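Each remark here refers to the structure printed beneath this line.
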Amino acid sequence: MSASSSGIVAGLTAAALATVGYLAHDAAEALPPGMGRSAQAGAAPAPGTTKAPPVRQDPTALPPDSGKGARVVYSLRGDRVWLVAGDEAVSRTFEVEPSAVDPAPGTYSVTSRSNAVTGSDGVPVEHVVRFASVDGVVIGFSAAVHESAAPAPAPDPKVRTGGIRESRADGDAMWTFATIGRRVVVVR
């Protein structure tokens, strides 16, 4: 009886494997082109098809969810600022040198301004526009004043300062745009 039982088990196993093989083949035939075993990593696309280019965000594009209305938008990750008019038109965007202390993402207002001062790192700055404070460090935008043709010095990362440095031309634009009470939206 054991010989006949093992024969039945062998027969059932063979039938099951044949069924699974048939179903796998049938499923592979139903796959859309480019999927399955024929689509290998690094393989060229099938004739007549094109590989979609990678989607890249424009680094100068205004970040989504950055508010509405006239405002300054500051991206912590992008080290970039946008000056946005009330009609949602971006009047200017530019890169900045971040401060050693970052404000938390959120909405702030310009609280004070100074035409010319010496920064907490000892560098003369102009067009200071302050909008936040973190653990006693005042955060604001400013442009370093320097006489040479070399780029403005970046803030010393070892000193806890809140000066977000911009070029003098960008500082002029910020000074004109960011008056007391103007909203400043900080995004990641």
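The values are calculated or read from the model by the stated rules, or taken from the named source; none is laboratory data. Only a predicted model underlies this, so the values are computations on that prediction, with no experimental measurement involved. Cβ atoms come from the backbone with ideal geometry, glycine included; neighbour counts cover every protein chain shown. The accessibility values were calculated without ligands, DNA or RNA, using every heavy atom of the protein model including side chains. Shrake-Rupley method; radii C 1.70, N 1.55, O 1.52, S 1.80 Å.
Could we say that V110 is within 21 Å of R80 (Cα to Cα) and either at pLDDT below 95 or surrounded by 21 or more Cβ atoms within 10 Å (Cβ to Cβ) (or both) here? Spell out the reasoning first.
Working: within 21 Å of R80 (Cα to Cα): yes; either at pLDDT below 95 or surrounded by 21 or more Cβ atoms within 10 Å (Cβ to Cβ) (or both): yes.
Yes; evaluated as a whole, the condition is true for this residue.
Among the candidates A100, A104, which residue alone is part of a loop (DSSP other than H, G, I, E, B), modelled with pLDDT of 95 or more and either of a type in the set (K, R) or open to solvent by 10 Å² or more (accessible area, probe 1.4 Å) (or both)?
A104
Please work out which residue is farthest from D170 (Cα to Cα), limiting yourself to the range 58-78 and to residues that are surrounded by 14 or more Cβ atoms within 10 Å (Cβ to Cβ) and not small (G, A, S).
We begin by selecting, within the range 58-78, every residue surrounded by 14 or more Cβ atoms within 10 Å (Cβ to Cβ); these are 62-63, 66-67, 70-76, 78.
Imposing the further condition that a residue be not small (G, A, S) reduces the set to 62-63, 71-74, 76.
On the way: L62: 17, P63: 19, R71: 15, V72: 13, V73: 14, Y74: 13, L76: 17 Å.
Only one residue tops the list, namely P63.
Residue pairs, Cβ under 8 Å, 6 or more apart or interchain, first in the range 126-141 and among the hydroxyl-bearing types (S, T, Y), second crowded, with 21+ Cβ neighbours inside 10 Å. List them.
As it stands, the answer is S133/I139; S133/G162, since those pairs meet every condition given.
Considering only residues that are open to solvent by less than 60 Å² (accessible area, probe 1.4 Å), in contact with a Pro (Cβ under 9 Å, 6 or more places away or on another chain) and modelled with pLDDT under 95, which ones fall in the range 118-153?
Passing the criteria: G119, D121, V123, A144, V145, H146.
Among the numbered conditions (1) out of contact with any strand residue (DSSP E or B) (no Cβ under 7 Å at 6 or more places or on another chain); (2) on the phi < 0 side of the Ramachandran plot, tell me where G122 comes up short.
(2)
Pick from the range 79-97 the residues that are open to solvent by 40 Å² or more (accessible area, probe 1.4 Å) and not in a loop (DSSP other than H, G, I, E, B): which of them is nearest to A143 (Cα to Cα)?
So, considering only residues that are open to solvent by 40 Å² or more (accessible area, probe 1.4 Å) and not in a loop (DSSP other than H, G, I, E, B), the one nearest to A143 (Cα to Cα) is E97.
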